[in-house]
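The values are calculated or read from the model by the stated rules, or taken from the named source; none is laboratory data. Everything quoted here is computed from the prediction, not taken from an experiment. Here the Cβ positions follow ideal geometry from the backbone for every residue, glycine too, while neighbour counts run over all protein chains shown. Keep in mind that these areas ignore ligands, DNA and RNA; they rest on the heavy atoms of the full protein, side chains included. Shrake-Rupley method; radii C 1.70, N 1.55, O 1.52, S 1.80 Å.
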Amino acid sequence: MDMTMTNGRTWNEVRAEMESFKDQDFDWKGGRLPSYIYYLDEEMLNIQREAYGLYMVENGLGKGRAFPSLKRMEDEVIRRGLAILGGSEASGGIFTSGGTESILLAVKAARQWARQSGKKKPYKILLSETAHPAFNRAADLMELEVERLPMRDRDFKFDLDLLQTALDDSVIMVVGSAPNYAAGTFDDITGLGEICLKNGLWLHVDACVGGFLAPFARMNGRSIPEFDLSVPGVKSLSADIHKYGFAAKGASLVLFSSAEDKKLAHFALDWSRGTYQSESNQGTRAGGAVAAAYAVMNVLGNDGYRRLADITLGTVDRLTDGIDSIDGLEVIKPFELCIFAYKSVDPGIEINAVADEMGNKGWFIGRSQRPAPSIQMAVNPVHAKICDQYLADLSESVAKVKQLGLRSQFDKNTY
Ligand SMILES: *Cc1c(COP(=O)(O)O)cnc(C)c1O
């Protein structure tokens, strides 16, 4: 490592250098990424950028007293979230930095809830194997136990029979995904709600992916399973605004059916300066993330989100139809919204070798292990323009893999 001192340079020079760094990244504006990016167009990018810049210096930690502006915008963002996700007058929410923090706060609330009821440790969270790793991360921090149950074979959903047999005294929380990121299916939230009500358990719905897409797809007439706060038994729900809400990164909501439950996630301490308090898990907090979310939500409105849902799901249809028409490939079904995966059904075509070939053609490829070794995509509007190119490249890659009997060195996913 070079440990010499470095002196200042002009912004023009540094900026040009930073822009040149991007040459090594995959072309997200061109739709070459199947994940990490939720992107529409240059216009939306500018709205995010300008709104973020407008409030970049303001600090969400002081939202109540120093920056009523931030409180006002944040309250409106939460109100809109509750309005589309089955909230009521009694509900409440917290603006967070992302799904991982939303989940952390939901787990903390559930833990506090169990503590307050006098329940003895250990505490356990029951999940389907498809639930996001963020639940284990939260459990790690809070020294909770996690049990992941195998997904149901036939539809990759939470296996409710298995869940019933796994229930024991230590379980405090159950999680359903809407949809899960592994197979793209919705867990049976209504069924989970019944079990949780009967057994006095906290049910969290992870709608990080579906929260700002599924309600609008439903308004457009798509059939979407019940999954939101209106389902009896659901106590909390996570929904990422920086995914299908199209906000700048650093924006998610954790919503609670009862605003009383939300207090279980808060932090407060009487210290030398008086009471320090924060609803989320952050101290200093980016005002820009709140402002960008507010701006995008207001500019798009329900009609804008419905239009985007149409583009996204129409693109899913085009891609999956195209993939199914390529000999030797098959889209794994069911999947229920915007995330799908496809596998090889021909022993002469190794799917990871196809992924390697697609990588050589400049596509960043998402790979998945279960329910089958597969190539996975989370579709968003930017992909509308790449369907034909993607399918043509895929056909070519499959043909080459089959003809040359290519095998992949690829072993395991890391991301
Ligand atoms: C993205 C995601 C998360 C985590 O959200 P981050 O914003 O990446 O922290 C949790 N659950 C699901 C289903 C997700 O897709």
Test: residue in region 174-183 that is touching a residue at least 12 places away in the same chain (Cβ under 8 Å), open to solvent by 70 Å² or more (accessible area, probe 1.4 Å) and within 21 Å of ARG111 (Cβ to Cβ): no
Residue match in region 243-260 (condition: within 16 Å of the ligand (Cβ to nearest atom), open to solvent by 10 Å² or more (accessible area, probe 1.4 Å) and farther than 30 Å from LEU61 by Cβ): no
The listed residue being open to solvent by 30 Å² or more (accessible area, probe 1.4 Å), part of a loop (DSSP other than H, G, I, E, B), farther than 30 Å from GLN376 by Cα and away from the ligand (no atom under 14 Å from the Cβ), out of ASP169, ASP153: ASP169
Residue list for region 130-143, filter: open to solvent by 20 Å² or more (accessible area, probe 1.4 Å) and either outside any helix (DSSP H, G or I) or within 11 Å of the ligand (Cβ to nearest atom) (or both): HIS132, PRO133, ARG137, GLU143
ILE84 surrounded by fewer than 24 Cβ atoms within 10 Å (Cβ to Cβ), in contact with a helix residue (DSSP H, G or I) (Cβ under 8 Å, 6 or more places away or on another chain) and either aromatic (Phe, Trp, Tyr) or at pLDDT 95 or above (or both): yes
Total residues in region 120-153, condition more than 11 Å from MET173 (Cβ to Cβ) and among the hydroxyl-bearing types (Ser, Thr, Tyr): 2
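Of all residues in region 334-359 being charged (D, E, K, R) and more than 25 Å from the chain's Cα centre (by Cα), which is surrounded by the fewest Cβ atoms within 10 Å (Cβ to Cβ)? Talk me through it step by step, then tell me what you get.
First pass over region 334-359, keeping only residues charged (D, E, K, R): 336, 343, 346, 350, 356-357.
Now drop any that are not more than 25 Å from the chain's Cα centre (by Cα), which leaves 346, 350, 356-357.
Values: ASP346: 14, GLU350: 19, ASP356: 19, GLU357: 22.
This residue is ASP346.
Here's a check for you: in region 38-68, which residue that is aliphatic (A, V, I, L, M) and not in a loop (DSSP other than H, G, I, E, B) is farthest from the chain's Cα centre (by Cα)? Talk me through it step by step, then tell me what you get.
Let us first name the residues in region 38-68 that are aliphatic (A, V, I, L, M), namely 40, 44-45, 47, 51, 54, 56-57, 61, 66.
Applying the additional criterion that residues be not in a loop (DSSP other than H, G, I, E, B) yields 44-45, 47, 51, 54, 61.
Working: MET44: 20, LEU45: 19, ILE47: 22, ALA51: 22, LEU54: 26, LEU61: 24 Å.
By that ranking, first place goes to LEU54.
Working only within region 314-360, note down all residues that are among the basic types (Lys, Arg) and in contact with a Leu (Cβ under 9 Å, 6 or more places away or on another chain). Please lay out each step first, then the result.
Step one: of region 314-360, the residues among the basic types (Lys, Arg) are 318, 333, 343.
ARG318, LYS343, listed by residue number.
For SER102, are the conditions met, namely being on the phi < 0 side of the Ramachandran plot, open to solvent by less than 20 Å² (accessible area, probe 1.4 Å), hydroxyl-bearing (Ser, Thr, Tyr) and in a helix (DSSP H, G or I)? Please lay out each step first, then the result.
Numbers: on the phi < 0 side of the Ramachandran plot: yes; open to solvent by less than 20 Å² (accessible area, probe 1.4 Å): yes; hydroxyl-bearing (Ser, Thr, Tyr): yes; in a helix (DSSP H, G or I): yes.
Judged against the criteria, SER102 is a match.
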Residue pairs meeting the criteria (Cβ under 6 Å; at least 6 apart or on separate chains; first more than 14 Å from GLY200 (Cβ to Cβ) and open to solvent by less than 70 Å² (accessible area, probe 1.4 Å), in region 109-124; second aliphatic (A, V, I, L, M) and part of a helix (DSSP H, G or I)): ALA109/LEU264; ALA109/ALA265; ARG111/MET142; GLN112/LEU264
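Only one residue in ASP161, ASP155 is modelled with pLDDT of 95 or more, of a type in the set (D, E, K, R) and out of contact with any Pro (no Cβ under 9 Å at 6 or more places or on another chain). Which one? It would help to see each step written out before you state the result.
Working: ASP155 fails: out of contact with any Pro (no Cβ under 9 Å at 6 or more places or on another chain).
Answer to the check: ASP161.
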